[in-house]
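Reading through the structure tokens given below for one structure.
The values are calculated or read from the model by the stated rules, or taken from the named source; none is laboratory data. Computed from a predicted structure; not experimentally measured. Cβ placement follows ideal geometry from the backbone for every residue including glycine, while neighbour counts extend to all protein chains displayed. Protein only, heavy atoms only, side chains kept; ligands, DNA and RNA dropped before computing areas. Shrake-Rupley method; radii C 1.70, N 1.55, O 1.52, S 1.80 Å.
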Amino acid sequence: MSIFKSLTTTGIEQAKDSLGESKFAPLDSGVYETKIKLAYAGKSEGGASSVTFIFDLGTREYTETLYVTNRNGVNYYEKDGKKFPLPGFTTVDDLCLVASGAPLAEQETEEKVIQSYDFEAKKDMPKRVPVLMALLNKPVTIAIKKTLVNKKTKDANGNYVDIADSREENNIAKVFHTETRLTVLETQNNATEAIFHDAWAEKNTGKTSDKRKIKEDGAKTSSTSTARKSLFS
């Protein structure tokens, strides 16, 4: 039985194809053809469920942890009486569909020992994790966005708050089928042209999105953007 069996899309509004926006240096924004080297489940200290992906880009790896539930184990949020999927859940569900033809809720896991970085030991240590076996070595194409954000620090109450210092980070913005270059939504709508893939690449390739709330001089700012490729059978 899948440990994600309860995380279905039934009764949740469909996610939209939106053009909005590691131990290696951040990647430039762009579309990357890759293979899933590893995908394993985890939980945050607060109880939110996650899936960590390690992608093989050929010349290097890209790692991202995506949260598929909140701390209450729910994979959606509610607004105006409707349920909408969490962004991390949509991305992971799309990766599962593109790679294996089955959604996250149907992914079987096997416990495996991997090498994972331990922040207390400050080195890689063996760790047992539930691995999503059907995804391993499967080709996927991902749109990766580079974003400039504020660093955070703890305040007197133990809450993380933004500071003027900044850093660059990467996030998966969209998932595409490698051969067709279609999104999951396009495939479900019987599209034959990779319109969103080409539009996203044209709008975002080589650009860094500035989402800092505080500039280095301490001034508040608004977000701007600056230059710098089963279901699919």
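Quick one: would you say residue 74 is open to solvent by 20 Å² or more (accessible area, probe 1.4 Å) and aliphatic (A, V, I, L, M)?
Yes, satisfied.
Out of region 76-100, which residues are more than 21 Å from residue 48 (Cα to Cα) and not β-branched (Val, Ile, Thr)?
Hits for region 76-100 are 80, 81, 82, 97, 99, 100.
How do the pairs read when you match residues in region 117-140 that are under 18 Å from residue 39 (Cβ atoms) with residues anywhere that are assigned to a loop (DSSP other than H, G, I, E, B) and open to solvent by 80 Å² or more (accessible area, probe 1.4 Å), using Cβ under 9 Å and keeping only pairs 6 or more apart or on different chains?
Going by the 9 Å Cβ cut-off, the qualifying pairs are 117/23; 130/3; 132/108; 133/108; 134/108; 139/179.
Could you tell me whether any residue of region 161-182 is among the polar types (S, T, N, Q), at pLDDT below 95 and outside any loop (DSSP other than H, G, I, E, B)?
The answer is yes; a qualifying residue exists.
Quickly run through region 184-216 and pick out the residues that are over 19 Å from residue 150 (Cβ atoms), under 18 Å from the mean Cα position of the chain (by Cα) and not in a helix (DSSP H, G or I).
205
Looking at region 80-99, I want the residues that are assigned to a loop (DSSP other than H, G, I, E, B) and have a partner that is of a type in the set (S, T, N, Q) and crowded, with 24+ Cβ neighbours inside 10 Å with Cβ atoms under 6 Å, at least 6 apart or on another chain. Which pairs are those?
86/75
Counting just the residues of region 162-186 that are under 18 Å from residue 204 (Cβ atoms) and of a type in the set (S, T, N, Q), which one comes out surrounded by the most Cβ atoms within 10 Å (Cβ to Cβ)?
Checking each candidate, the answer is 183.
Pull out all pairs, ordered by first then second residue, where Cβ-Cβ is under 6 Å, the residues are six or more apart or on different chains, the first lies in region 37-57 and is closer than 13 Å to residue 104 by Cα, and the second is of a type in the set (D, E, K, R).
Filtered contacts from region 37-57: 49/43.
Name the residues in region 130-161 that are surrounded by 15 or more Cβ atoms within 10 Å (Cβ to Cβ) and over 17 Å from residue 95 (Cβ atoms), would you?
The answer is 146, 147, 148, 149, 150.
Scan region 102-121 for residues that are within 17 Å of residue 174 (Cα to Cα) and either polar (S, T, N, Q) or open to solvent by 20 Å² or more (accessible area, probe 1.4 Å) (or both) and jot them down.
The answer is 103, and nothing else.
Can you pull out the residues in region 100-118 that are acidic (Asp, Glu) and part of a helix (DSSP H, G or I)?
106
Taking region 197-231 as the search range and keeping residues that are touching a Gly at 6+ places or on another chain (Cβ under 7 Å) and modelled with pLDDT under 60, which one is most open to solvent (accessible area, probe 1.4 Å)?
My answer is 228.
Just need a number here: residues in region 1-29 that are touching a helix residue (DSSP H, G or I) at 6+ places or on another chain (Cβ under 7 Å) and modelled with pLDDT of 95 or more.
Total satisfying the criteria: 1.
Which of the residues belonging to region 24-38 are hydroxyl-bearing (Ser, Thr, Tyr) and either open to solvent by less than 50 Å² (accessible area, probe 1.4 Å) or touching a His at 6+ places or on another chain (Cβ under 6 Å) (or both)?
Hits for region 24-38 are 29, 34.
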